[in-house]
Structure formats: C-alpha cells, structure tokens
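Data block below; observations after.
Since every read-out is calculated from the coordinates, none of them should be taken as a lab result. This one's a predicted model, so the numbers in the text were calculated from it and none came from an experiment. Cβ: placed from backbone, ideal geometry, glycine included. Neighbour counts: every protein chain shown.
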Amino acid sequence: MVAGTTVSRLARPKSTGEVLGDRRKNGKLRSWKRYKVESLQIAEAYRLLGEDARANCVADCGSRLEFAECPNGHQRKLIGANFCRSRLCSMCASRRALLIGLQVRRTFHDALTRIPDARLIFLTLTVPNVRGEHLGSATTDLYGGFQRLWRTAAVKGIALGYFRGLEVTYNRTRGDFHPHLHVLVFVSGEYFRDRYINRQQWIEYWRRAVKNPSITQVDVRAVKPKMIGGDRLAGAAAEVSKYAVTGKNMIQSDPAETALVVAHIHAGLRGRRLAQFGGLLSKIKKELKMTDAESASSRELISVGDDPSCRCLTCNAHLERHVFCWLNGDYVG
Ligand SMILES: [Zn+2]
Ligand SMILES: [Zn+2]
C-alpha cells in the first residue's frame, strides 16, 4: 500500500534518474539505502527460517519511496512509502525510532512546562546476559523488576513519570543476548535537594526489585538542566528512543547466524511492549492523543509528526514530488 499526502496533488512526479543519497563524500551509505539493505538481510533470515510470507513482506518494504522536495535542494521530505510494519524490519524500525523520539521530546517538554523545577535522569537497568532461548524469561524479569522498582517507596516519592525503552544487543563472541532498559525518569525538584538517591542505593533497589543478588551495576546519570531547553532535550530523547533491536546488531557475516539471532529475538520479544510511557508522561501522551509507535500506521511511519506543507521552509518554493524505486541495489528516481 502506498500512501500519499496533500503534496501529491501538486504535480506529476519528476523523474531524473538520480540515485538517492549518493551525495555523501565519506563513502558511507546514506541511511535509506543502508536500512533497505539491512531489511533485505533480515528478509533473508526469515526465508532461511522457512517464514516465506514474512520474508516477502520485509523484502518488499520501502521498495518505493516518495518525497516532496525543494527544487533548490533545501529539503526532501518523505510523503509516501510501502512500509511492511514488521517488528524486526530495519527500515520500519528506523521510522518507529524517529516517532518514539518525537513523542519523548513532546511529552517531556510538556511535562517540564507544567512542573518547571522537575529534573530528568537516565537509568540503564540490566539483567545478566542470557542464551537466546532464555531471552523471553529475561525480558519478563526485567519488566517485573522495573514495576517493583517503580513501586519502591524512595523511588515512588520522587519519580513522577518515565519513558522506558527495551534494547537487546547480541554479543557475537559469546553468542549471548543482553536485554536492558533505557529509562528517562522525570523526577521532582526535591530529588536533587533532599531526596537524592545515590548510585549505591539505586543498585540496591534494583537488585531487590529484580530479585537478583548478582546485580552489581546500574548506570544512572542526571540530565543537566541547561541541556533540557530547546534541542538539547532531543539528545536525551535520542538516547532512550533507540529502537529495541537494530539490524546492525542482528546481522552477522554468516546468514545462518543472522537467522538464529532473528529467530531468538523474534520469539523472545513476541507480544512484548518495547516502548512505554508511565505516570505523568503516560497521562500527557494520552492528552496529546499520541498513538503507540509500535502499532503506528503506515501513514504515521511516513509523516513522523511532520505537518504536510507544500512549500520549502527555507525558500518557500513549491515542493515537487519525486519517487525513488529500489532497483539493482540503489534507489533510483
Ligand atoms: Zn519494513
Ligand atoms: Zn528551498
């Protein structure tokens, strides 16, 4: 399904034979191509696992990208695409991560206007690495631990809301998986005045919450107040809104190993909510009528909150449609 916006009424798409994103001088692939190539490798993994229908779906993802672009080269905005919406598809995951990042920025920004003396802290919560077949139960431990941590009296007293995102990385050398939570916590101003929780206490609370005495680390960092204004909130948002698994992390040089990693992650994360808002942030998300990024429609994955505009923001020129199709390893339009 290809979706378009108001810009599609403007004009016939132009066709110049241009290769999308071949402008970078440092030899790096531009992201569209990189995500497309990764998605093809994930599709191959599904094929090796005998999941042909899913493989076909992921392989076709983003084979057609439609942009509205400034004739003077100022901007290029996605207005249409055939996204597959599969959970492990790199192309779709990159769009979901953008959407989640936007939601985190908007909700935390809103929360800070309501409670200006609040502060933000980052927490990274981990459980020990596990073999692939135990990824599901490790994720259960992690989520259960988080709920208990959130109910810990000292935490409950100062934490007003949060965003948490699951990330799973694969360790090639050891062949095991590392599930962990990136949490951005919205704490009341009192936290840094008289209800401070130091690192050792966080470790102790987390150890108890996750019921694992072998836990020796919790990464906790304050987001500096001066970082919060304007674009600086974007940095904090980007840090927590990385999508659960990246193609780069799943894809191995041996396709059979990639298939094994994909199989474990697919099974281990099935039915799990990978990104979640809580407390005040969840309330704000509802008030702003934001959908869950994980069930985002194609339309939402395309626009990622952009207002459809027919004019270039820089020079006010009318935007032109430009369609790029995946052809022999490149996007050509
Ligand atoms: Zn996709
Ligand atoms: Zn322009």
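So here's what we get for this one:
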{"quantity": "Taking Val304, Val183 and counting other C-beta atoms within 10 Å, the order from fewest to most", "calculated": "Val304, Val183"}
{"quantity": "13 Å beta-carbon shell around Gln252, net charge (K/R +1, D/E -1)", "calculated": "-2"}
{"quantity": "Estimated dipole of the chain in Debye, rounded to 20 [Cβ of Lys and Arg +1, of Asp and Glu -1, Cα centre]", "calculated": "700"}
{"quantity": "Amide proton proximity set for Glu320, modelled H, under 5 Å, gap of 5+", "calculated": "Glu69, Cys70"}
{"quantity": "Residues Leu166, Leu98, sorted so that the one with the fewest Cβ neighbours within 10 Å comes first", "calculated": "Leu98, Leu166"}
{"quantity": "The chain: angle of helix 31-48 to the longest principal axis, Cα-based, in degrees nearest 10", "calculated": "80"}
{"quantity": "Residue-averaged [θ]222 nm for the chain, counting only DSSP H segments that reach four residues, each worth -39500 (n - 2.57)", "calculated": "-12000 deg cm²/dmol"}
{"quantity": "Helix 90-114 vs. the chain, principal-axis angle (Cα, 0 to 90°, nearest 10)", "calculated": "50"}
{"quantity": "Phi-based couplings in Hz for the range 154-161 (Karplus 6.51, -1.76, 1.60; Gly and Pro marked x)", "calculated": "5, 6, 4, x, 10, 8, 9, x"}
{"quantity": "Karplus-derived 3J(HN,Hα), 6.51/-1.76/1.60, for each residue of the range 183-200, Hz, glycine and proline x", "calculated": "10, 9, 9, 9, 10, 5, x, 4, 3, 8, 8, 9, 10, 5, 10, 7, 4, 4"}
{"quantity": "Alpha carbon centroid spacing (whole Å) that separates the range 251-265 from the range 66-97", "calculated": "26"}
{"quantity": "Farthest toward positive dipole pole in the chain [+1 Lys/Arg, -1 Asp/Glu at C-beta], among Ile79, Val130, Thr113", "calculated": "Thr113"}
